[in-house]
Each structure stands twice: as C-alpha cells, then as structure tokens.
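A quick write-up on the structure given underneath.
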Amino acid sequence: MGKEVRVRYAPSPTGHLHIGNARTALFNYLYAKHLGGSFIIRTEDTDDKRNVEGGEESQLRYLKWLGLEWDEGADIGGEYGPYRQTERLDIYQKYVDELLERGLAYKCYMTEEELEAEREEQRANGQVPKYSGAHRDLTEDQIKQFEVEGRTPSIRFRVPGNKTYLFNDIVRGNITFESSDFGDWVMVKKNGIPTYNFAVAIDDHQMKISHVLRGEEHISNTPKQMMIFEAFGWDAPQYGHMTLILNENRKKLSKRDEHILQFIEQYKNLGYIPEALFNFITLLGWSPVGEEELFTQEEFIKIFDPERLSTSPAIFDPAKLKWMNNQYIKQASLEEVVELSLPHLIEAGNLPTDMDADQKEWAVNLISLYHEQLSYGAEIVELTELFFKPEINYNEEAMVVLKEEQVPEVLEGFLEQFSNLEELSPEAIKASIKATQKATKHKGKKLFMPIRVATTGQVHGPELPNAIHLLGEDIVKARLENVLELIK
Ligand SMILES: Nc1ncnc2c1ncn2[C@@H]1O[C@H](COP(=O)(O)OP(=O)(O)OP(=O)(O)O)[C@@H](O)[C@H]1O
C-alpha cells in the first residue's frame, strides 16, 4: 500500500475567504476524499502584522458553508479547530535548537539598516540582492561584541553550496532551483517567531502531509522548504502548484482587495447557493472529461483527477457563476427559493417583517413567478420592482408597443372585461383576456403585448394572468387608465 494521503489547506488569517482561496481548499479536499485520505486545516498566523480580526473565523465559517469539513485539528472542546502555528512555537523551537547545534543554522546580528545598505550596493552593481553571508562564520568574540551592543539576532538557515533542488510538480512536472540563487534565509525573525517557510516545513513533516497542493505563488518557497526537509533527513511531500484565479483585469484575487465582489461571504449574502458555488469553483482551473458542467460534491469526489488540473490561469467570470446559480435555483424547491429571496424583499422595504398569512401567500406567489428566471436571492428586488411602485415610466421599447393602432381598443376592451370580473384568480383573468379577444377580434401579440406592457411596463415577463392577479385590481385599473390617457 502507498503512503496515506494527507493534505492541508493553510490560510493566513489576513482576510476573508475568497474564490481563489476556496478553490485551493476545495481541490485539497476533493483530492483527499477521492483517495480516502485526510483533509487538515492549519492557520498560518505567524505574521502578526498582517493578521486581521475575524480573518480565521471567516476562512473556517465559509469553508463549512461551502460544504467542506476537515478531519483533524486542534481539539477545541470536542470539536476540531484548526492547527495554529502560533500555538506551536515550542515545537519549532526544538528544531531551531537542533539546527543551531549542528551548525546548519546560525545567528545573524545584522541590523535592518546594514542589510538594506548591502542590498543597495548589490543593486547598484547590477546584481539581484541576496544576503551576502556576512555573519555566516562569526567568531566567539564578534558574537560577544554584538550581544554587548544589545543587538538581537535573527536565525538564518545555512544554504548548502552548489546544490540543485528538483521536484516533480503534480501540475507542472519537473522544476529545478539552484542553491546558489539563495542567500542564507531567515528561519527565525528577530522577534523569535519562525518564518513562514521554516514553520511550514516543520508542520508538513509533523502532520505527515503527503501532498501539498497550493497556489503557484508558492513555487519559489518550495526549495527553501525542501532544504529543511533535507537538513533533518525527512522525505518531502509531493508538491503541486496550481494556477491562480485572476479577476477580469487578470490580477490575482487577493484577500486584500476588500472592495471586489469575490468573497464567499458576499455571495452567501446575495443569496447564492453553496452547492452552486462549490460546483462553479471546482471548474476553475480543473475540467472533467466531457461537456457536462453540473456536478454534486459526491460526483466531484468520484471523478476528481489531479492530472486534469489546468496549467494556465483561470479567470473568475461572475456572469458564469450567476448562470450556474440559476441552474441550481431552477432545481431548488419553491420553499428554498423563498428562503433565499424573501429576506431581500423585506430588507428593501418592499414587504414588512411581520407579514400576515395573506401577505406571506402573496409574497410566495410573487417569488414563484420568478422561480425559473431568478439567478440569486437578492435579484428578486430588481425583478419584482414593478409590483411595488405605484406608477410606471414606460420606456421607449414599451412606447413602441403602446403606440400601435389597435391598442386603445384592446385596452378599453380588457378594462371592461377586467372590471366585470367577480373574482381575480389567474384563471378568471385568463378568461377575461380571451373575452377581450372575442370582443375586439384582436389576437396573439396584438392582444397580449399591449396588456402586458400597460400593466407591467415590460415587453417580457412572467405569466401575464398571474402577474395581473398579483398586481391586484386597483393597480391594474389605474395603469390601464393611465395608458389610455397617455396614448390619446
Ligand atoms: N487568486 C488565487 N487563486 C488560487 N489560489 C489562491 C489565490 N490566492 C490565494 N490562493 C491560495 O490560497 C491559499 C491560502 O493563501 P493565503 O492565505 O496566503 O491567501 P491570499 O489570498 O494569497 O492572501 P493575501 O492576498 O493576503 O496574501 C494558498 O494555498 C494560496 O496559494
């Protein structure tokens, strides 16, 4: 039997979960589930300057909302929380001590100003700046002197000379780096906190991670992590670097772009369906065999094959997401669609919070009229606007219809039939339109369009008798009379 599959999603708590982060988490999850392995969450929170309040909570909450469950983590009262790097500092310390002792790491006392001066000089000489190794081999006396001066050291990893680091990337095949391109890099910062690359390598080993699937911005970190694995004689995991998700301007989606519509929370609040997002995100940078685009989580788990990960970046297309959500809304029950959309009508002030049974029934009927068309919950407000405003401003398209010759006759005829109705059911309204046809001898578009446009202001729309039924007697009459006046 091969090695047990254990993968991880390792967010820094620097902001909310966006489509790009979620894609990385989801591919790890699918990979683990496909192979019967474990999916682990680890918060990489060692860069306290960048951490934001609520960042971790958001990452976890919206992963759960998308339907991802992790298998393992720190025990937080019977439930698994994520592993947190800041809670593992003792573990890292043990390994730092070992490398110092073995001479594979050393203390560097250079100040930020000295380091900057060094880089400045290298740039001036046309070189790519890298640490010169000035404090690689300090004498005991030099060290004492720096300590007396009160300098605090960072700890650097002693990069081996003339070595090639090669890994076979799951997505990109063989990738190599030369150790000569790296200066001795900081393993532990002056504040005593390990750097990202050091902590990641220790954790991936300790957590027995078998495959590291992450965004391609991490490719250049990989050799540093391999150096740590090598220093301890550990086997490195298999790496796979996935292409990034870009926005429409071809820029990487980033947590720091707070004003862009790209966060899972925003889509939840707009009334998107988690299964639709899951489906959509999985198809960003990965494609199944065949043309089919709609899959459940279980189906994805069955068919997920990392061989089919794309090597060119995927552009996040919000219009495609909207389309996909509509596919899911169409399949959802009316009850679910009401749950997604009704709160938005209330929030817009179109309906009261304390609806009585009749109002609720009216609202449900209204939403059901748009069940097929609705792309996301909040869209209901825009789609149903015509039901909540007393007057309509007929646009150009509408006026073209209303100016046709037969319109006064049709509308007067319909107004008469409508006024004589004893009950306002959609069936009765349908019958009154039929009766108008008989009386006026106009039929088809010539009959329907003026009635539709006069009552709704739109040339396309939901079932006409149902819409008229929901608009109610007063509004329908007022609109018909208004149009008759307008076109006189
Ligand atoms: N645009 C993106 N497309 C695909 N994966 C991404 C994208 N942005 C981040 N990731 C991946 O998400 C995981 C978590 O990364 P991280 O927490 O650093 O997110 P981030 O959005 O890059 O944050 P920041 O923008 O603050 O650096 C990493 O594996 C990273 O590669």
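The values are calculated or read from the model by the stated rules, or taken from the named source; none is laboratory data. Because the structure is a prediction, the values reported are computed rather than measured. With ideal geometry, Cβ positions are generated from the backbone for all residues, glycine too; neighbour counts draw on all protein chains shown.
I need the full set of residues from the range 26-54 which are within 12 Å of the ligand (Cβ to nearest atom), outside any loop (DSSP other than H, G, I, E, B) and either within 30 Å of residue 190 (Cα to Cα) or of a type in the set (A, V, I, L, M) (or both), in order please.
Answer for the range 26-54, where residues must be within 12 Å of the ligand (Cβ to nearest atom), outside any loop (DSSP other than H, G, I, E, B) and either within 30 Å of residue 190 (Cα to Cα) or of a type in the set (A, V, I, L, M) (or both): 26, 41, 42, 43.
Being more than 17 Å from the chain's Cα centre (by Cα), part of a helix (DSSP H, G or I) and in the same structural domain as residue 59 (by TED's automatic domain parsing) is true for just one of 275, 307. Which residue is that?
Values: 275 fails: more than 17 Å from the chain's Cα centre (by Cα).
The match here is 307.
Among the strands (runs of 3 or more DSSP E) confined wholly to the range 180-264, which include 3 or more residues that are within 14 Å of the ligand (Cβ to nearest atom) and either assigned by TED's automatic domain parsing to the domain that holds residue 312 or not hydroxyl-bearing (Ser, Thr, Tyr) (or both)? Walk me through how you get there before you give the answer.
Numbers: elements: 186-188, 211-215, 238-242.
By residue number, 211-215, 238-242.
For the range 14-23, which positions are touching a Gly at 6+ places or on another chain (Cβ under 6 Å) and either more than 8 Å from the ligand (Cβ to nearest atom) or of a type in the set (Ser, Thr, Tyr) (or both)?
Kept after step one, since they are touching a Gly at 6+ places or on another chain (Cβ under 6 Å), are these residues of the range 14-23: 14-15.
If the condition is that a residue be touching a Gly at 6+ places or on another chain (Cβ under 6 Å) and either more than 8 Å from the ligand (Cβ to nearest atom) or of a type in the set (Ser, Thr, Tyr) (or both), then 14 is the only one that fits.
Starting from the range 12-25, take each residue that is in a loop (DSSP other than H, G, I, E, B) and list its partners that are near the ligand (Cβ under 6 Å from one of its atoms), counting only C-beta distances under 7 angstrom and pairs at least six apart or across chains.
14/255; 15/255; 15/256; 16/255
In the set 50, 42, which member is surrounded by 14 or more Cβ atoms within 10 Å (Cβ to Cβ), within 25 Å of residue 263 (Cβ to Cβ) and touching an Asp or Glu at 6+ places or on another chain (Cβ under 7 Å)? Even if it seems obvious, please write down each step before you answer.
Values: 50 fails: touching an Asp or Glu at 6+ places or on another chain (Cβ under 7 Å).
Unique residue meeting the criteria: 42.
Considering only the range 1-11, how many residues are surrounded by fewer than 23 Cβ atoms within 10 Å (Cβ to Cβ) and touching a residue at least 12 places away in the same chain (Cβ under 8 Å)?
4
What tally of residues in the range 454-464 results from selecting those that are assigned to a helix (DSSP H, G or I) and in contact with a Phe, Trp or Tyr (Cβ under 7 Å, 6 or more places away or on another chain)?
Keep residues of the range 454-464 that are assigned to a helix (DSSP H, G or I), which gives 454-456, 464.
The next check asks that each one be in contact with a Phe, Trp or Tyr (Cβ under 7 Å, 6 or more places away or on another chain); those that pass are 464.
Counting residues in the range 454-464 that are assigned to a helix (DSSP H, G or I) and in contact with a Phe, Trp or Tyr (Cβ under 7 Å, 6 or more places away or on another chain) gives 1.
If I filter the range 52-68 for residues that are more than 19 Å from the chain's Cα centre (by Cα) and under 27 Å from residue 4 (Cα atoms), do I get at least one hit?
So far as the range 52-68 goes, no, none of its residues is more than 19 Å from the chain's Cα centre (by Cα) and under 27 Å from residue 4 (Cα atoms).
Return the only residue of 86, 152 being under 30 Å from residue 42 (Cα atoms), surrounded by fewer than 17 Cβ atoms within 10 Å (Cβ to Cβ) and in contact with a Ser or Thr (Cβ under 8 Å, 6 or more places away or on another chain).
86
What is the residue count in the range 163-196 for residues that are in contact with a strand residue (DSSP E or B) (Cβ under 8 Å, 6 or more places away or on another chain), of a type outside the set (D, E, K, R) and over 30 Å from residue 307 (Cα atoms)?
Keep residues of the range 163-196 that are in contact with a strand residue (DSSP E or B) (Cβ under 8 Å, 6 or more places away or on another chain), which gives 163-172, 174-179, 184-190, 194-195.
After this cut, where a residue has to be of a type outside the set (D, E, K, R) as well, the list is 164-168, 170-171, 174-177, 179, 185-188, 194-195.
Filter again for over 30 Å from residue 307 (Cα atoms), leaving 185-188, 194-195.
So the count comes out to 6.
If only one of 265, 230, 258 is farther than 24 Å from residue 308 by Cβ and more than 16 Å from the chain's Cα centre (by Cα), which one is it? Write out each step before concluding.
Working: 265 fails: more than 16 Å from the chain's Cα centre (by Cα); 258 fails: more than 16 Å from the chain's Cα centre (by Cα).
Selected residue: 230, the only one of 265, 230, 258 that is farther than 24 Å from residue 308 by Cβ and more than 16 Å from the chain's Cα centre (by Cα).
Considering (1) β-branched (Val, Ile, Thr); (2) in the same structural domain as residue 247 (by TED's automatic domain parsing); (3) closer than 21 Å to residue 379 by Cβ, say which one residue 353 fails and leave the rest.
(2)
Yes or no, residue by residue, for (1) of a type outside the set (Gly, Ala, Ser); (2) surrounded by 13 or more Cβ atoms within 10 Å (Cβ to Cβ):
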position: 356; (1), (2): yes, no
position: 361; (1), (2): yes, no
position: 375; (1), (2): no, yes
position: 387; (1), (2): yes, yes
position: 404; (1), (2): yes, yes
position: 412; (1), (2): yes, yes
position: 415; (1), (2): yes, yes
position: 420; (1), (2): yes, no
position: 424; (1), (2): yes, yes
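Checking the condition surrounded by fewer than 15 Cβ atoms within 10 Å (Cβ to Cβ) and in contact with a strand residue (DSSP E or B) (Cβ under 9 Å, 6 or more places away or on another chain), which residue from 230, 258, 248, 265 passes? Break it down stepwise before answering.
On the way: 230 fails: surrounded by fewer than 15 Cβ atoms within 10 Å (Cβ to Cβ); 258 fails: in contact with a strand residue (DSSP E or B) (Cβ under 9 Å, 6 or more places away or on another chain); 265 fails: in contact with a strand residue (DSSP E or B) (Cβ under 9 Å, 6 or more places away or on another chain).
So the residue among 230, 258, 248, 265 that is surrounded by fewer than 15 Cβ atoms within 10 Å (Cβ to Cβ) and in contact with a strand residue (DSSP E or B) (Cβ under 9 Å, 6 or more places away or on another chain) is 248.
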